[in-house]
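Here's the structure, in structure tokens; my notes come after.
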Amino acid sequence: MDYLVEHPEVGIIKYFKNNRAKRIIISLKPDYVRVVIPKRQSFKNAQQFVESRLEWIKTNKEKMDSQFEKSKLLPKIDRKVAREVLCRRIGELAQLHNFVYNRISIRKQKSRWGSCSSKDNINLNANLLHLPSELMDYVLLHELVHTRVKNHSKDFWDELETVVPNARQIDRKLKDYQYCLL
């Protein structure tokens, strides 16, 4: 059963029961606060948890609202153009660093820049075109490294560092561009 509550301080909160969730999870969406409730937790416990995290929600909701406003100013990206630019660039980077991948898909995702499947199929977010070229290349190389190392272990970061010096620093810069995902 899902619940919708109007909170006087943070607006709409949508509560969702999820049988796979292991803990109560709060996430912020442009129009509401999303709360995932594990099957062993009650709605009342979830509400108490939200109340205990109210300051965090309010602070981050302000940031989210600001980012949402910035996202409205971004130009629309044509998926064909994104496919052309991203496929060309990832091909160049793969050749330069001897990576092999299978297929490229271009999507408009709301929460991630890219992903790499166990079969070395790479999904890229069309919104990568909103990033500075250094960050776009970082994401492309990040996904290419996943063709060799399928997780975010120390081995992954060591491998990534060989093609992107200061990878962790660059990864942190991506947070400044979260609004491009909205």
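The numbers here are math on the coordinates, done by the rules we state, and not lab data. Nothing here was measured: the structure is a model prediction, and the numbers come from that model. Positions of Cβ are generated from backbone atoms using ideal geometry, with glycine treated the same way; all protein chains shown enter the neighbour counts.
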For the chain, the Cα-Cα pair-distance distribution in 10 Å bins from 0, as whole percents, is 9, 29, 28, 25, 9, 1
What spacing in nm lies between the two simple spin-label points modelled at Leu174 and Thr59, each 7 Å away from Cα in the Cβ direction? 2.4 nm
Restricting to bridges with both residues inside the range 1-46, how much of the DSSP beta-bridge set is antiparallel, in percent to the nearest 5? 60 percent
Per DSSP, loop GluC sites (Glu not before Pro) in the range 9-68 with at most 16 further Cβ within 10 Å: Glu9
Could you give me the ³J(HN,Hα) list for the range 114-120, computed from phi with Karplus coefficients 6.51, -1.76, 1.60 and θ = phi - 60°, whole Hz, x at Gly and Pro? x, 7, 9, 7, 5, 9, 6
Counting only other residues whose beta carbon sits under 10 Å from that of Ile106, what net charge do I get with K and R as +1, D and E as -1? +4
Note on the range 79-181: contact order normalised by length, alpha-carbon pairs under 8 Å, 6 or more apart, percent, works out to 26 percent
Mean separation of Cα contacts under 8 Å (6+ apart) over length of the chain, as relative contact order %: 15 percent
Name the lysines eligible as straight-distance cross-link partners of Lys39: C-alpha to C-alpha under 24 Å, and not fewer than 8 places from it in the same chain. Lys14, Lys17, Lys22, Lys29
Enumerate by residue number the trypsin sites (Lys or Arg not before Pro) in the range 70-104 meeting two conditions: DSSP loop (anything except H, G, I, E, B), and at most 11 other Cβ atoms within 10 Å of the site's Cβ. Lys76, Arg103
Lysines whose Cα lies under 23 Å from that of Lys150, excluding same-chain neighbours fewer than 8 positions away: Lys108, Lys110, Lys119, Lys173, Lys175
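Using only helices, what value at 222 nm comes out for the chain when you add -39,500 (n - 2.57) per DSSP H run of length 4 or more and divide by the total residues, to the nearest 500 deg cm²/dmol?
-13500 deg cm²/dmol
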Can you tell me how much longer the chain between Ser111 and Phe43 gets when fully stretched, taken as 0.36 nm per residue apart minus their C-alpha distance, in nm with one decimal? 21.9 nm
Whole-Å semi-axes of the range 79-181's equivalent ellipsoid (Cα gyration tensor): 19, 17, 13
Looking at the chain only, what percent of DSSP beta bridges run antiparallel? Nearest 5 please. 55 percent
